[in-house]
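Trainee: Input: one structure, supplied below.
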């Protein structure tokens, strides 16, 4: 089940790249964290096999697929956002924060695992304790969602969209209003 999320990463990168190019970097980042939150919370709250039978592993796999999709989209959208917001002279420095936060997140996850292993018995971890990191991840994703909603869109995205907006407006204008009134 764990590996199935890795299958979706390239698909997520492709789909979220298209989405972020059309809707904006901010929209792509917000969607990726929303999907991560949904996948994590689904895994955290899915009842066990004894309660719902084969639907339980199916829901867990679906949650991992959603997580993989969101992680794939997160890499590209966050790298693009950081590099576009930084400007030419600081682009490498700002873009390095993606890797720093990735490794930091892995270290925090390892710390959570160590704490859980120290505080819980192996039986408790296997029964329900494995859900705790997913619940923590879902809760943290809600706060990141709130932060990302307040991000500014990059100037590069606005600049890339401007010709398309003018083209669409000109097409609408010529189709609905006589030429002398468009300008």
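Each reported figure results from applying straightforward, stated rules to the coordinates on display, with no laboratory input. Just so it is clear, the model here is predicted, and its values are computed rather than measured. Backbone-built Cβ (ideal geometry, glycine too); neighbour counts: all protein chains shown.
Trainee: All but one of (1) out of contact with any helix residue (DSSP H, G or I) (no Cβ under 7 Å at 6 or more places or on another chain); (2) closer than 19 Å to residue 85 by Cβ; (3) surrounded by 12 or more Cβ atoms within 10 Å (Cβ to Cβ) hold for residue 150; which doesn't?
Mentor: (3)
Trainee: Can you name the condition, by its number, that residue 44 falls short on among (1) closer than 24 Å to residue 8 by Cα; (2) exposed (fewer than 13 other Cβ atoms within 10 Å of the Cβ)?
Mentor: Among (1) closer than 24 Å to residue 8 by Cα; (2) exposed (fewer than 13 other Cβ atoms within 10 Å of the Cβ), the lone unmet condition for residue 44 is (2).
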